[in-house]
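The structure appears below as structure tokens.
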Amino acid sequence: MAMRGTALDMTIREFEPGDETAFRQLNEEWILRYFAMEPTDEELLSDPRRTILDRGGRIFFAVREGTPIGCCALQAMHPGEYEVAKMAVTQSAQRGGVGRSLLQTVIAAARAIGARRLTLETNRKLATAIHLYESLGFQHVAPRATPYARAGVFMEMELLDSSGRSD
């Protein structure tokens, strides 16, 4: 599932062997800028194949000139429910539509595999990200149990209506 962004000259592709390092580096960059690494971060970033891909999830990368500049995971949580997780765009590529393109790709991939709901957790410090999520249809929901101390904003997107059809 490649997507060409003419203004950005980037491609979005799925995880490939060897992407483990880029996945970790992209996420550590933003986590350490705003917060601290938590045990769940360490678990997911140390072995994304085992913790995300082998459990039915997917990971997408935005790539420019052969270098990953962003990533976003679609993490299987419950039947029909996926979490948008570990979304990162390197600082030098921010505000150029990379995050929007990644998130649109993840939403389309979730629809294609029949997901009914997407969830995500974030923090109020990440106002730009929250605005992006809202602009693509995520709604704020009540807090729930989470392994992340930094999570304070919870959002969801329903992908199927009550009759089971896609929106």
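Considering segment 91-118, and only residues there that are under 13 Å from the mean Cα position of the chain (by Cα) and within 13 Å of MET155 (Cβ to Cβ), the residue that is surrounded by the most Cβ atoms within 10 Å (Cβ to Cβ) turns out to be LEU118. Only one of the numbered conditions (1) touching a strand residue (DSSP E or B) at 6+ places or on another chain (Cβ under 8 Å); (2) at positive phi; (3) modelled with pLDDT under 95; (4) of a type outside the set (D, E, K, R) is violated by GLY137, and that is (3).
Checking each residue in segment 110-137 for being in contact with an Asp or Glu (Cβ under 7 Å, 6 or more places away or on another chain) and closer than 23 Å to GLN91 by Cβ picks out only LEU120. Residues in segment 123-140: is at least one in contact with a Ser or Thr (Cβ under 6 Å, 6 or more places away or on another chain) and of a type in the set (Asp, Glu)? For segment 123-140, residues in contact with a Ser or Thr (Cβ under 6 Å, 6 or more places away or on another chain) and of a type in the set (Asp, Glu): absent.
Restricting to segment 119-148, and then to whatever is of a type in the set (Gly, Ala, Ser) and open to solvent by less than 80 Å² (accessible area, probe 1.4 Å), can you tell me which residue is nearest to the chain's Cα centre (by Cα)? Among those residues, the one meeting the criterion is ALA129.
Quick check on VAL63: is it modelled with pLDDT of 95 or more and either over 14 Å from the mean Cα position of the chain (by Cα) or over 22 Å from LEU118 (Cβ atoms) (or both)?
Details: modelled with pLDDT of 95 or more: yes; either over 14 Å from the mean Cα position of the chain (by Cα) or over 22 Å from LEU118 (Cβ atoms) (or both): yes.
The answer is yes for VAL63.
Restricting segment 50-90 to residues that are touching a helix residue (DSSP H, G or I) at 6+ places or on another chain (Cβ under 7 Å) and outside any strand (DSSP E or B), the residue that is surrounded by the most Cβ atoms within 10 Å (Cβ to Cβ) is ILE52.
The values are calculated or read from the model by the stated rules, or taken from the named source; none is laboratory data. These figures come from a predicted structure and were not determined experimentally. Cβ atoms come from the backbone with ideal geometry, glycine included; neighbour counts cover every protein chain shown. Ligands, DNA and RNA are excluded from the accessible area calculation, which covers all protein heavy atoms including side chains. Shrake-Rupley method; radii C 1.70, N 1.55, O 1.52, S 1.80 Å.
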